[in-house]
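Colleague: Would you mind keeping the following structure in view while I ask a few things?
All of the numbers you see were taken from the coordinates with simple rules; none came from a lab. Please read these numbers as outputs of a predicted model, since none were measured by experiment. No Cβ is skipped: glycine too gets one built from the backbone with ideal geometry, and neighbour counts run over all protein chains shown.
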Amino acid sequence: MSQSNEHPEDSLLQLEEELRALVPAETSAGLRDRIFDALANPAEETPAEPAITPAGRGWFGWVPLAAAAAVALLAVVLSPAPKNGGDVATAAEVPAPAPSLAGGDMGPSSWKPVSSDSRLEHVGYDGIRTEESATYRQIRTRSMERRTFIDPRDGTVVEVVFPRENIHLVPVVPE
Amino acid sequence: MNPSTETSSAHLAWQTWFQENGNKLLLFARQMTRSAADAEDVLQNAIVRCWNARKNRNGGVDPENAPDPAEIYTMIRRAAIDLGRRETRRARREEKVIDFEEAKGIDWFQCPFEAKEKSTEISGALRKLPDAQREVLTLKIWSQLTFQEIGETLGISENTAASRYRYALEALRRILGKGKESHFKNLAVVL
């Protein structure tokens, strides 16, 4: 091993032999466990079906329904009582019309926004999407937006939650 | 076969496959990441993606359908690129990690005590190679892929893969031959 090699090809072959003699370090048992736990409980990673989740499938499909239910509930709780009959006291306590929250608009009532918080809960690579003209990487994000409103007259607080899921298409530029 | 039985069999088959291939997959992931922890995350992510891509309509996975080499290495590479993009803010901190690994002589290979110095020297030299050369070298030597498979994995031609391999070996020979205390001085070429 002390003599310099006069034949470049020989020294490359010798180097290849030296490299082949090295054995990659072992993977840890912890890594194996983590991987196979992830396969057994596929919660977070890329879903089997790529592309945009169709409406009506998965939790995203519930978003329109949840939003509609929230608006309906607010309408029932906050709308004024009928003038004829019913509990007059209740009507007096809740005089404001339901705020139009679904559109992100406070409406004409006395409801005041207290807080608005948007939290990104998940960012994941969602595979490749190939269109006729281009190829894109799909990045799926899930966020939860919470808006809180208060009626200053009686202190009633309403919190509205908007779950969102977005697919971002990032063009793949060939190297 | 019902989906759960099918999936259990697939789990066993994939565990065997991982037992045989995990070391070299992790070595490849380590070439493309800044720390051992990142490499493990990337490998896990790639395997889960392959698994999910194989799920049938019932959620089962065919036990016979383990990842082929070009596919899994491509997945690892993509996962590493994605991680790199996400983690740019951590880059400075991670650079310190790789410096720390190098300074501590952490190498990427298992070796008997008497070969430790050689192994550490090669690990250090590999870190100095350009990324494009190092990934071809790793896939050729330790993953034992053909140049065609390497080309498919990296999205380059077979000839480019072969050239990069040659350049990588030559660069490695230069790096290893330079050190005064090198175990590989004999590889230095007399011109």
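Colleague: Per residue of the range B:49-54, what does 6.51 cos²θ - 1.76 cosθ + 1.60 with θ = phi - 60° give for ³J(HN,Hα)? Whole Hz please, x for Gly and Pro, Karplus curve as stated.
Modeller: The phi angles translate into 4, 4, 4, 5, 5, 9 Hz.
Colleague: In whole Hz, what ³J(HN,Hα) sequence does the range A:19-32 give by Karplus (6.51, -1.76, 1.60; θ = phi - 60°), x for Gly and Pro?
Modeller: Each residue of the range A:19-32 in turn: 5, 5, 6, 7, 10, x, 4, 5, 6, 7, 5, x, 5, 4 Hz.
Colleague: Let me ask you something else. Residue A:135's amide H: which non-local residues (gap 5+, or another chain) put their own amide H closer than 5 Å, with H modeled 1.01 Å from N in plane and none for Pro or chain starts?
Modeller: Under 5 Å from the amide H of residue A:135 lie the amide H atoms of A:172, each far enough along the sequence or on another chain.
Colleague: Here is a further query. What average number of partner chain Cβ atoms lie no more than 10 Å from the Cβ of the residues making up A:14-20?
Modeller: Counting Cβ atoms of other protein chains within 10 Å of each residue's Cβ and averaging gives 6.
Colleague: In terms of modelled amide H atoms, which long-range or inter-chain residues lie less than 5 Å from the amide H of residue B:60?
Modeller: none
Colleague: Across the residues of B:11-19, average count of Cβ atoms on other protein chains within 10 Å?
Modeller: 2
Colleague: Per-residue Cβ counts within 10 Å, from other chains only, averaged over B:36-49: what number is that?
Modeller: Counting other chains' Cβ atoms within 10 Å and averaging over B:36-49 gives 4.
Colleague: Can you list the residues, at least 5 places off or on another chain, whose amide H is less than 5 Å from the amide H of residue A:27, using H built in the peptide plane?
Modeller: B:23
Colleague: Report ³J(HN,Hα) in whole Hz for each residue of the range A:110-116, in order, from the Karplus equation J = 6.51 cos²θ - 1.76 cosθ + 1.60 where θ = phi - 60°; Gly and Pro get x.
Modeller: Here the 3J(HN,Hα) series is 8, 5, 10, x, 9, 8, 9 Hz.
Colleague: I'd like the distance separating the alpha-carbon centroids of the range B:18-89 and the range A:108-175, in whole Å.
Modeller: When both Cα centres are located, 28 Å separates them.
Colleague: Give the peptides B:125-137, A:147-159, B:155-167 in descending order of average Cβ contacts within 10 Å, highest first.
Modeller: B:125-137, B:155-167, A:147-159
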